[in-house]
Amino acid sequence: MVCNCDNCNKCECRNKIDDFNIKIDSKESLVIALAGNPNVGKSTVFNALTGLKQHTGNWPGKTVANASGDYIYKDRKFTLVDLPGTYSLLANSVEEEVARDFICFGKPYATIVVADATCFERNLNLLYQVMEITDKVVLCLNLLDEAKRKGIYIDIEKLGKELGIPVIGTCARKKEGLNELIDKVYNISLDKEKYTPKRIKYSDFIEEKIENLIPKLDDILGNEIDLRWVALRILEGDASIIDSISRYIYEKKEVN
């Protein structure tokens, strides 16, 4: 839901974005995350959609640059946040931590994952991790022209059914498929369409540990974040997720 309160820079929905030093020109702008591996054409998608309406800066407390830009579709304003190119969200690097935290705690209205159609399997790691965090995911299968030249054919409709999310084929350099992409983002952002992404089922032993952790996490976190995903990070021994929960959830509550 878009916030329409009179003092929006003090309300919770706006503060989530303010934590990340993202410039929002309008309180009614719908914030969209743009994620992807390096060299998949993510920046090309970003530039094609936002043109010259871009802002740059640094992520708070990081030397990693951030970029955001605006576009308008069906009389609604969108702010597209270009996340650092990463192969995963496991916080093994500053870039991965930034991307993970924004998707988890920035609460974008939708997340676009840009993937390379010429070697799609390399992109699955990041895609499945995003799908574990949020249901509002759109896969932008880019570089279809390169894939065609290499004799690679991907059944986009079947892939979407398998993943449980919308898949849009694009050739961003030629601006092909981008209108279909932003139309799908529009529908998902405003809850006109809903999807249930496929999530990885682990061994019975791990699934049992996850189920044991979720009620304990629910008592602490409630609906602030996907509890299954937090349980997985804890089982992996990822201490950084605890730090991020403290920073973006509990410190904010103390301030407010």
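The values are calculated or read from the model by the stated rules, or taken from the named source; none is laboratory data. Note that the structure is predicted; figures quoted are calculated from it, not measured. Heads up, the Cβs are rebuilt from the backbone with ideal geometry, glycines too, and the neighbour counts pull from every protein chain shown.
Since Lys136 meets every condition but one in (1) within 10 Å of the chain's Cα centre (by Cα); (2) modelled with pLDDT under 95, which condition does it not meet?
Answer for Lys136: the failing condition is (2).
Quick grid of which residues meet (1) in contact with a Leu (Cβ under 9 Å, 6 or more places away or on another chain); (2) of a type in the set (Phe, Trp, Tyr); (3) farther than 27 Å from Ile234 by Cα:
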{"residue": "Arg76", "(1), (2), (3)": "yes, no, yes"}
{"residue": "Val81", "(1), (2), (3)": "yes, no, yes"}
{"residue": "Ala91", "(1), (2), (3)": "no, no, no"}
{"residue": "Ile112", "(1), (2), (3)": "yes, no, no"}
{"residue": "Glu121", "(1), (2), (3)": "no, no, no"}
{"residue": "Leu126", "(1), (2), (3)": "yes, no, no"}
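Residue under question is Ala115, and the condition is that it be more than 14 Å from Ile32 (Cβ to Cβ) and touching a Cys at 6+ places or on another chain (Cβ under 9 Å); does it hold?
The answer is yes for Ala115.
Do you know which residues across the stretch 119-164 are assigned to a helix (DSSP H, G or I), among the charged types (D, E, K, R) and under 24 Å from Ile103 (Cα atoms)?
Glu121, Arg122, Glu132, Lys161, Glu162
Whether any residue in the stretch 77-94 is surrounded by fewer than 19 Cβ atoms within 10 Å (Cβ to Cβ) and either in contact with a His (Cβ under 6 Å, 6 or more places away or on another chain) or closer than 20 Å to Lys27 by Cα (or both) is what I want to check.
Yes; the residues of the stretch 77-94 include at least one that is surrounded by fewer than 19 Cβ atoms within 10 Å (Cβ to Cβ) and either in contact with a His (Cβ under 6 Å, 6 or more places away or on another chain) or closer than 20 Å to Lys27 by Cα (or both).
Being outside the structural domain of Asn39 (by TED's automatic domain parsing) and at pLDDT 95 or above: is that true of Glu180 here?
Here the answer is no, as Glu180 does not meet what is asked.
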